[in-house]
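Beneath this line is the structure, given in structure tokens, with notes to follow.
The values are calculated or read from the model by the stated rules, or taken from the named source; none is laboratory data. These numbers were taken from a predicted model, which means no experiment stands behind them. For neighbour counting, all protein chains shown are included, and Cβ atoms are generated from backbone atoms with ideal geometry for every residue, glycine included.
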Amino acid sequence: MSTIFSKTGKGQEEVKARSGGLTQRVRQVLILVDGKRDIDALCKISPTDDLAGTLQALQEQGYIEAIEMTAVPASEPTPIVLTVPAETIPTPIGTVFRELPPLPETKDLELARNFMMNTLKDFNGPYATLSLVEKIYASQSHAEMRAQFEDWIAAITKTQYGKRRADELRRALLVIL
């Protein structure tokens, strides 16, 4: 079951008057609450990483109320899983790295290193994944860099914005890694 929220009179007044002292992100979530979108739909368009906590706070403060519970489909579509040959480096299920030329280019390795470190800093902040950034920085080969791939994508998808962009970022990295 997924909950649908609607603005209360207090919530509608807050949208108009901005009198409740809400932060910009909390106010944006309040604006997105429309009595039609369930939590899953709000999660896809929400500007905050802690949507559940924000909705709970808005509900406790009387800005929104739960109006309906919708049934969540029991069966999710089965993802397509690509098998990875055993001789390759262990990678997440469904990840296939390109075949490396006999002499891998160091420029590709440097591009992959910078891409991974910069996306971690952008999506998670400069210190949240510092140990992973250090491992990526220390990687001296494509094999070592590829070994960090699973941790990199897991860290990216910890943020709401990262979840939305994960497939795009993953594809961009696999072109050079």
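I'd like the full set of residues that are acidic (D, E) and either outside any helix (DSSP H, G or I) or modelled with pLDDT under 85 (or both), limited to the stretch 18-65. Write out each step before concluding.
Of the stretch 18-65, the ones acidic (D, E) are 34, 38, 40, 49-50, 60, 65.
Listed by number, the residues that qualify are D34, D38, D40, D49, D50, E65.
So how many residues does the stretch 113-156 have that are part of a helix (DSSP H, G or I) and out of contact with any Ser or Thr (no Cβ under 7 Å at 6 or more places or on another chain)?
Of the residues in the stretch 113-156, the ones part of a helix (DSSP H, G or I) are 113-124, 130-138, 142-147, 149-156.
If we keep only those that are out of contact with any Ser or Thr (no Cβ under 7 Å at 6 or more places or on another chain) too, we end up with 114-119, 121-122, 130-138, 142-144, 147, 151-154.
Residues meeting the conditions: 25.
So, in the stretch 144-177, of the ones that are under 8 Å from the mean Cα position of the chain (by Cα) and hydrophobic (A, V, I, L, M, F, W, C), which residue ends up surrounded by the fewest Cβ atoms within 10 Å (Cβ to Cβ)?
Among residues in the stretch 144-177 that are under 8 Å from the mean Cα position of the chain (by Cα) and hydrophobic (A, V, I, L, M, F, W, C), the one surrounded by the fewest Cβ atoms within 10 Å (Cβ to Cβ) is A166.
Working carefully through the options T119, T159, T129, find the one that is more than 20 Å from P47 (Cβ to Cβ), in contact (Cβ under 8 Å) with a residue 24 or more places away in the chain and among the β-branched types (V, I, T).
Values: T119 fails: more than 20 Å from P47 (Cβ to Cβ); T159 fails: more than 20 Å from P47 (Cβ to Cβ).
T129 is the lone residue from the list that is more than 20 Å from P47 (Cβ to Cβ), in contact (Cβ under 8 Å) with a residue 24 or more places away in the chain and among the β-branched types (V, I, T).
Could you please tell me which pairs satisfy a Cβ distance under 7 Å, a separation of 6+ or placement on different chains, a first residue in the stretch 8-29 that is touching a residue at least 40 places away in the same chain (Cβ under 8 Å) and not assigned by TED's automatic domain parsing to the domain that holds D40, and a second residue that is assigned to a helix (DSSP H, G or I) and surrounded by 15 or more Cβ atoms within 10 Å (Cβ to Cβ)?
Close Cβ pairs (under 7 Å, with a partner that is assigned to a helix (DSSP H, G or I) and surrounded by 15 or more Cβ atoms within 10 Å (Cβ to Cβ)) do not exist here.
Condition check: at pLDDT below 90, over 30 Å from R146 (Cα atoms) and touching a strand residue (DSSP E or B) at 6+ places or on another chain (Cβ under 7 Å). Does T70 satisfy that?
In short, yes.
Looking only at the stretch 151-167, which residues are modelled with pLDDT under 85 and farther than 18 Å from D49 by Cβ?
The answer is D167, and nothing else.
Criterion first (surrounded by 13 or more Cβ atoms within 10 Å (Cβ to Cβ) and modelled with pLDDT under 70) does I89 satisfy it? Reasoning before the result, please.
Values: surrounded by 13 or more Cβ atoms within 10 Å (Cβ to Cβ): yes; modelled with pLDDT under 70: yes.
Judged against the criteria, I89 is a match.
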